[in-house]
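What follows is a single structure, written as structure tokens, with notes after it.
Any read-out appearing in this document is the output of simple, stated calculations on the displayed coordinates, not a laboratory observation. Computed from a prediction, not measured in an experiment: that's the story for all the values here. When we count neighbours, we look across all protein chains shown, and the Cβ atoms used for this are built from the backbone with ideal geometry, even at glycine.
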Amino acid sequence: FDQRDGVIWFDGKLVPWKDAKIHVLTHGLHYGSCVFEGERSYDGVIYKGTEHSKRFHASAEIMDFTIPWSVAELDAAKALCLKENGLKDAYIRPVAWRGSEMMAVSGINNTIHTAIAVWEWPSMFDMAQKLKGVRLDVAAYRRPDPACAPVHAKAAGLYMICSLSKHKAERAGYADAMMLDWEGNVAECTGANIFFIKDGVIHTPLADRFLNGLTRQSVIEQCKKRGFEVIERRIRPEELEGFNECFITGSAAEVTLVSEIGPYSFITGNMGKVIMEDYSDAVRPKSKAA
Ligand code: PMP
């Protein structure tokens, strides 16, 4: 991935993709002092781009550092990156981390670096898979108690258990893993939020203990506009047996239908499909109007 053509925005300058390098003694690498974003542009427009920049700032503040670029500067940098790489439909990855001046648990005086990379990534799951429904494993690792980790930051360190869970799931032939919270309630997937449908009502875990995804928030709003009832509550894994449909949401995953979680199966193509199409229309308002 580091040997591509194109440019990366790095601390205010556009540098060749292959030269966007950091030192091995970077604090962010050793101690996880790093936050990032995941966004998508559609027809040249980043969906909720400013909200992502604001969350990027908020994540850094939770991680005890300040990104040295304003939300407006980040928005402009993302647009520049898309333009210079000649991309209209792309995935956008801003990342910020503590640098390498001090090598100790404290990195309090280390420089904060910021970079933005963009690339073509049509889908986390291919279209056929998204419609047919993906299969999810149930992760062994649980999302941590908010008293044990800064769970509302999109912080790199929190992805350690996500990567481990996703690797295990993929090796077993699943697309992703559903993670429980520390109390054993359904939480989210390794990079997406989760929803269930039963008798026409949508149920989703309360996002007070994991990332309240921007896609999750958009989907809830869209569902309410359509007149669908949405209930945010604690969901026990035993309830999965009684749900008719399931889908996951995220900037990378968009809306992806789920056909199976462990031993439970769900139908696809009903309400979930309508919600998926509503999201596609929302992210491409121009195409819809055309
Ligand atoms: N949960 C986790 C752990 C994630 O990584 C993501 C992707 N950022 C989400 C949920 C969904 O967030 P969003 O809809 O803002 O992309």
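Remarks
- The C-beta contact set for the stretch 235-253 (first residue farther than 15 Å from PRO205 by Cα, second residue within 15 Å of the ligand (Cβ to nearest atom) and not in a loop (DSSP other than H, G, I, E, B), distance under 7 angstrom, 6+ apart or interchain) comprises SER251/GLU39; SER251/ARG40; SER251/LEU214; SER251/THR215; ALA252/TYR91.
- Answer residue from the stretch 37-53, given it is touching a Ser or Thr at 6+ places or on another chain (Cβ under 8 Å), within 13 Å of the ligand (Cβ to nearest atom) and in contact (Cβ under 8 Å) with a residue 60 or more places away in the chain and is nearest to TYR279 (Cα to Cα) among those: TYR47
- Residue, surrounded by the most Cβ atoms within 10 Å (Cβ to Cβ), within the stretch 218-240, restricted to residues that are of a type in the set (A, V, I, L, M) and within 16 Å of the ligand (Cβ to nearest atom): VAL219
- The numbered conditions (1) surrounded by fewer than 16 Cβ atoms within 10 Å (Cβ to Cβ); (2) outside any loop (DSSP other than H, G, I, E, B) are all true for GLY157 except (1).
- Scanning the stretch 68-80 for residues that are part of a loop (DSSP other than H, G, I, E, B) and surrounded by fewer than 22 Cβ atoms within 10 Å (Cβ to Cβ) gives PRO68, SER70.
- Cβ-Cβ under 6 Å pairs, at least 6 apart or on other chains, the stretch 191-215 side closer than 24 Å to ASP281 by Cα, far side within 14 Å of the ligand (Cβ to nearest atom) and in a loop (DSSP other than H, G, I, E, B): ALA192/ALA253; ASN193/GLY213; LEU214/LYS48; THR215/SER251
- Hits in the stretch 160-201 - residues which are assigned to a helix (DSSP H, G or I) and either over 16 Å from the mean Cα position of the chain (by Cα) or surrounded by 15 or more Cβ atoms within 10 Å (Cβ to Cβ) (or both): ILE161, CYS162, LEU164, SER165, LYS166, HIS167, LYS168, ALA169, GLU170, ARG171
- Just one of the numbered conditions (1) surrounded by fewer than 22 Cβ atoms within 10 Å (Cβ to Cβ); (2) among the small types (Gly, Ala, Ser); (3) under 17 Å from THR114 (Cβ atoms) is not true of ALA96: (1).
- In the stretch 202-217, the residue that is surrounded by the most Cβ atoms within 10 Å (Cβ to Cβ) out of those that are closer than 16 Å to ASP181 by Cα and hydrophobic (A, V, I, L, M, F, W, C) is LEU211.
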